[in-house]
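**Student:** Following this message is one structure expressed as structure tokens.
The numbers here are math on the coordinates, done by the rules we state, and not lab data. This one's a predicted model, so the numbers in the text were calculated from it and none came from an experiment. Cβ placement follows ideal geometry from the backbone for every residue including glycine, while neighbour counts extend to all protein chains displayed.
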Amino acid sequence: MEAICPECGATVELPADTMTSEIVVCPECGAELEVISLDPPTLALAPEVEEDWGE
Amino acid sequence: MQMNAVEFLETLLRIPSLSGQEGEAAAFLTARMREFGWYAFVDAAGNAVGQLGTTGPLVVLLGHIDTVPGMIPVRIQDGCLYGRGAVDAKGPFATFVQAARHLELTGRLRCRLVLIGATEEESASSRGAHYAREQYAPASCIIGEPSGWERVTLGYKGRLLVHYHLEQDAAHSAGEQPAAPEVMVAFWRELEAYCATVNAGRDRLFEQLLPSLRHVASGGDGMTDWCEATIGLRLPEGVEPDALAGHVASLAGSAKLRFEGGCPAFRSPRTTPLAGSFVRAIRQHGGKPGFLHKTGTADMNVVGPAWRCPIVAYGPGDSRLDHTPDEHLDLEEYQRAILVLADVLAQQV
């Protein structure tokens, strides 16, 4: 499977056993991407990392 | 008759369990886990341990059952359960127990689970986690701390506690010699300045070295004056506790320092299968997943570097309520987190 990196437009190879919501890394720009669909294979920027209190 | 999830947590909250005094809570938890048919025991560190599942990868669910002081009357009010530990972190550990039970009852358990209600997380010793670290080698680990049901914690800052003690000959306050408290304040200001140097150009709190002055006292007996202080330091990645202690000591002049609870920051990537499992489960339950880096320290700092496996922290609750007199847990969120976690565990095969 192949999908397009939404950050840089590069083609990202996805293994056959890829699951939705897996987070992969674009080999071109290093962006971390969530697999939001397998049919067709579609990537979006992974959920953001925020800062929080505790513990 | 077995308790439902709310009764289970409410009963646990009614059992006081300050750090080092977790025995009754551990006995309650192991009794309940045995009722489920799990193998349950209190280990040598006082941890309440439950085990279930016979095949598949080993997944450790490591929460803590001790709390900070402060008696909050246990009650349900407007859909929220109030009580010390509701958020930090009996609520998250109760979520572990209930999710594991739900997973088992729905026939989806395909891994080996070890649930650990650890002791002394709220003290610098982290006794329970240090003991557990040497007992298991899991394929993945979930730490029980409040993240909110839609979010997952990937990392915590490190920590170093500094106990400062200065004694000097007594002198007249009109004389030239700075008083012992003045010497301590000068040390504190130097330490603040050093942290500001480290933090130059760093915007995120997770990347900053943050000092906090937690205790100050002074006195004298006419012959000797003294001042003592306790300073907490929250460490970013790249600042090692031992090296920092050496630098702090170089600022302290003739004062005696004692260091405690040193541990480096720890961060897990969001690209692990475990993190993906959470994203999937949260979306399936209608949530919008997000990740967190926390400015505090948790048992993830103890076991993460040793186990080197996919690891996150998860649990219902708003961590802004940690250690506050208003600590409470939204019961709807508690139930959602149980279902999300059960779905995550069902994916561990």
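**Student:** Report, in debye and to the nearest 20, how large the dipole of the protein assembly as shown comes out about its Cα centre when Lys and Arg carry +1 and Asp and Glu carry -1 on their Cβ.
**Tutor:** On the way: 31 positive and 54 negative charges, 210 e Å.
Charge dipole, the protein assembly as shown, about its Cα centre: 1000 debye, nearest 20.
**Student:** Same structure, new question: Expressed as an acute angle from 0 to 90° and rounded to the nearest 10, what is the orientation of the C-alpha long axis of helix B:241-251 relative to the principal long axis of chain B?
**Tutor:** Roughly 20 degrees between the two axes.
**Student:** Follow-up. Show me the ranking of peptides B:136-149, B:11-24, B:70-83 by mean Cβ neighbours inside 10 Å, starting with the highest.
**Tutor:** B:136-149, B:11-24, B:70-83
**Student:** Let me ask something additional. Step through the residues of segment B:113-125 one at a time and calculate ³J(HN,Hα) from phi using the Karplus curve (6.51 cos²θ - 1.76 cosθ + 1.60, θ = phi - 60°), rounding each to whole Hz and writing x for Gly and Pro.
**Tutor:** Once θ is set to phi - 60°, the couplings for segment B:113-125 become 10, 10, 9, 10, x, 7, 9, 6, 6, 7, 9, 5, 6 Hz.
**Student:** If you don't mind, another one. Output ³J(HN,Hα) for segment B:191-203: one whole-Hz value per residue in order, computed from phi by the Karplus curve 6.51 cos²θ - 1.76 cosθ + 1.60 with θ = phi - 60°, and x for Gly and Pro.
**Tutor:** So the J values, rounded to whole Hz, are 5, 4, 5, 5, 4, 4, 5, 4, 7, 4, x, 9, 8.
**Student:** Just to be sure I understand: with springs between alpha-carbon atoms less than 10 Å apart, which residue in B:A129, B:A255, B:A26 has the highest mean-square fluctuation in the Gaussian network model of chain B?
**Tutor:** In the Gaussian network model the winner is B:A255.
**Student:** Rank these for me by crowding, B:H130, B:H102, B:H328, going from fewest to most other beta carbons within 10 Å.
**Tutor:** Ordered from fewest to most neighbouring Cβ atoms within 10 Å, B:H130, B:H102, B:H328 come out as B:H130, B:H102, B:H328.
**Student:** A further question follows. In whole Hz, what ³J(HN,Hα) sequence does segment B:319-326 give by Karplus (6.51, -1.76, 1.60; θ = phi - 60°), x for Gly and Pro?
**Tutor:** In residue order, the calculated couplings are 5, 5, 8, 3, 6, 9, x, 9 Hz.
**Student:** Other chains near B:270-279: what is the mean number of their Cβ atoms within 10 Å of each residue's Cβ?
**Tutor:** 5
**Student:** Calculate how many DSSP beta bridges within the protein assembly as shown are antiparallel, expressed in % of all such bridges and rounded to the nearest 5.
**Tutor:** Roughly 70 percent of the beta bridges in the protein assembly as shown run antiparallel, per DSSP.
**Student:** What whole-number distance in Å separates the alpha-carbon centres of segment B:277-344 and segment B:201-243?
**Tutor:** A separation of 29 Å, based on Cα centres.
**Student:** Among B:T106, B:Q51, B:L341, which residue has its Cα positioned farthest towards the positive end of the charge dipole of chain B, with +1 placed on the Cβ of Lys and Arg, -1 on the Cβ of Asp and Glu, and the dipole taken about the Cα centre?
**Tutor:** The Cα lying farthest towards the positive end belongs to B:T106.
**Student:** Please report how far the C-alpha centroid of segment A:6-33 lies from that of segment B:60-102, rounded to the nearest whole angstrom.
**Tutor:** One Cα centre to the other: 38 Å.
**Student:** Still on this model: Just want the ordering: B:E240, A:E34, A:E50, from fewest to most Cβ atoms lying within 10 Å of their own Cβ.
**Tutor:** If I rank by nearby Cβ atoms, fewest first, I get A:E50, B:E240, A:E34.
**Student:** Based on the alpha-carbon gyration tensor of the protein assembly as shown and its eigenvalue square roots a ≥ b ≥ c, which shape applies: rounded if a/c is under 1.5, prolate if not and a/b is larger than b/c, or oblate?
**Tutor:** Since a/c reaches 1.5 but b/c is at least a/b, the shape of the protein assembly as shown is classed as oblate.
**Student:** Order these peptides, B:186-194, B:58-66, by their mean beta-carbon neighbour count within 10 angstrom, highest first.
**Tutor:** The packing order, highest mean first, is B:58-66, B:186-194.
**Student:** For B:G158, what residues show an amide H to amide H distance below 5 Å, using hydrogens built from the backbone and excluding near sequence neighbours?
**Tutor:** Residues meeting the amide H criterion: B:L235, B:A265, B:F266.
**Student:** Using Cβ contacts closer than 10 Å as the measure, can you line up B:K256, B:K157, B:K288 from fewest to most? Numbers along the way, then the final one.
**Tutor:** Working: B:K256 12, B:K157 28, B:K288 9.
Sorted ascending by nearby Cβ count, the order is B:K288, B:K256, B:K157.
**Student:** Right, something else. Return the calculated 222 nm mean residue ellipticity for chain B, to the nearest 500 deg cm²/dmol, obtained by summing -39500 (n - 2.57) across DSSP H runs with n ≥ 4 and dividing by the residue count.
**Tutor:** Taking each H run of at least 4 residues, the total per residue is -10000 deg cm²/dmol.
**Student:** For chain B, modelled as a Gaussian network with Cα springs under 10 Å, which listed residue fluctuates most, B:G315, B:G222, B:G304?
**Tutor:** Looking only at B:G315, B:G222, B:G304, the biggest GNM fluctuation is shown by B:G222.
**Student:** Amide H to amide H, which residues 5 or more places from A:L14 or on other chains are under 5 Å from it, using H placed in the peptide plane?
**Tutor:** Counting only residues 5 or more places away or on other chains, the set is A:E2, A:A3.
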